[in-house]
Amino acid sequence: MAGRGAASGWRPPAVGGALDFARPVELPGGTQHARFTVARTRTDATPGAMLFVCQHHTPDVVWREDYLNQPNDALGLAEVIGIADDLGRIEQVYHVIFGDRVRRADDRATISAGDAPITFLSPVRFAERFGAPGEAVANPRPRLAALRVQLRTFDALEHVLLQNGVPCARGREQSILVGPVMGCGSLFEFAL
């Protein structure tokens with residue numbers, strides 16, 4: 001990677017500051033550089049998540065049609081799911097950034113921040129949804145814990161998981177779940 005402050009690798013910018021950087025991308029016509037500017041918030045301003053924004057200066061290099069077809073038939077990210085025992089605090093601090101795009105219900109706080117909402121669930125609701133009561137209730141501190149991925153079909157995903165020896169289970173919401181051990185610490189929920 002090249003750019004300000006990135007001689008030995010990318011590092012997040014200082015809070016409030018922006019970092020310009022680039023990385024080479026091998027394309028059929030030769031190497032091009034993807035260029036970005038990123039900035040992040042203070043971690044105490046966004047409990048449960050490290051929040052940053054990214055401006056793509058060369059979307060034609062990274063958002064390519066030939067990158068979109070996945071062997072598991074994934075269409076895209078549908079939701080980011082977190083756990084928090086104090087949903088009122090989640091609503092309060094995220095409202096500073098997202099304003100009226102933060103909605104609160106008894107068992108959740110939802111942030112509409114693009115195509116995929118960020119939903120913080122109470123530990124009990126998270127356990128009901130994913131069948132993971134022990135871990136969710138024992139560790140209710142704010143954190144992002146699951147990703148919901150929209151699929152075209154279940155057939156291709158099941159084939160890819162079986163082929164790669166990835167254990168999975170049927171979820172309660174007509175979905176397939178891959179646990180956090182195989183998901184680098186995050187639970188994956190695949191759904192139509």
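Kindly indicate whether G5 is in contact with a Pro (Cβ under 8 Å, 6 or more places away or on another chain), in a loop (DSSP other than H, G, I, E, B) and modelled with pLDDT of 80 or more.
no
Is there any pair with a first residue in the stretch 100-118 that is touching a residue at least 24 places away in the same chain (Cβ under 8 Å) and a second that is outside any strand (DSSP E or B) and not aliphatic (A, V, I, L, M) whose Cβ atoms are under 6 Å apart and which are 6 or more apart or on different chains, and what are they?
Listed by first residue and then by second, the contacts come to A109/E91.
Name the one entry in R104, R108 that is touching an Asp or Glu at 6+ places or on another chain (Cβ under 9 Å) and modelled with pLDDT of 95 or more.
Going through R104, R108 in turn, the sole match is R104.
Table: residues versus (1) of a type in the set (G, A, S); (2) in a loop (DSSP other than H, G, I, E, B); (3) farther than 21 Å from F52 by Cα; (4) outside the structural domain of C54 (by TED's automatic domain parsing).
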residue: L75; (1), (2), (3), (4): no, no, yes, yes
residue: G82; (1), (2), (3), (4): yes, no, no, yes
residue: H95; (1), (2), (3), (4): no, no, no, yes
residue: D115; (1), (2), (3), (4): no, yes, no, yes
residue: F120; (1), (2), (3), (4): no, no, no, yes
residue: V160; (1), (2), (3), (4): no, no, yes, yes
residue: I176; (1), (2), (3), (4): no, no, yes, yes
residue: V181; (1), (2), (3), (4): no, yes, yes, yes
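To keep it simple, each residue is scored yes or no on (1) surrounded by fewer than 12 Cβ atoms within 10 Å (Cβ to Cβ); (2) among the β-branched types (V, I, T); (3) at pLDDT 90 or above.
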position: W10; (1), (2), (3): no, no, no
position: P13; (1), (2), (3): no, no, no
position: G17; (1), (2), (3): no, no, no
position: R23; (1), (2), (3): no, no, yes
position: R35; (1), (2), (3): no, no, yes
position: T41; (1), (2), (3): no, yes, no
position: E65; (1), (2), (3): yes, no, no
position: A74; (1), (2), (3): no, no, yes
position: L77; (1), (2), (3): no, no, yes
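State which residue is surrounded by the most Cβ atoms within 10 Å (Cβ to Cβ) when the search covers only the stretch 43-61 and only residues that are in contact (Cβ under 8 Å) with a residue 12 or more places away in the chain and over 27 Å from L187 (Cβ atoms).
Top of the filtered list is V61.
When you go through (1) of a type in the set (A, V, I, L, M, F, W, C); (2) farther than 24 Å from T46 by Cα; (3) crowded, with 16+ Cβ neighbours inside 10 Å one by one for L162, which number turns out not to apply?
Among (1) of a type in the set (A, V, I, L, M, F, W, C); (2) farther than 24 Å from T46 by Cα; (3) crowded, with 16+ Cβ neighbours inside 10 Å, L162 violates only (3).
So which residues in the stretch 17-53 are closer than 23 Å to T110 by Cα and in a loop (DSSP other than H, G, I, E, B)?
Residues satisfying the conditions are T41, R42, T46, P47, G48, A49, M50, L51.
Taking V25, is it of a type in the set (V, I, T) and touching a strand residue (DSSP E or B) at 6+ places or on another chain (Cβ under 7 Å)?
For V25, the condition - of a type in the set (V, I, T) and touching a strand residue (DSSP E or B) at 6+ places or on another chain (Cβ under 7 Å) - is met.
The values are calculated or read from the model by the stated rules, or taken from the named source; none is laboratory data. Every value quoted in this text rests on a predicted model; they were computed, and no experiment measured them. Note that we place each Cβ from the backbone using ideal geometry, even for glycine, and neighbour counts take in every protein chain shown.
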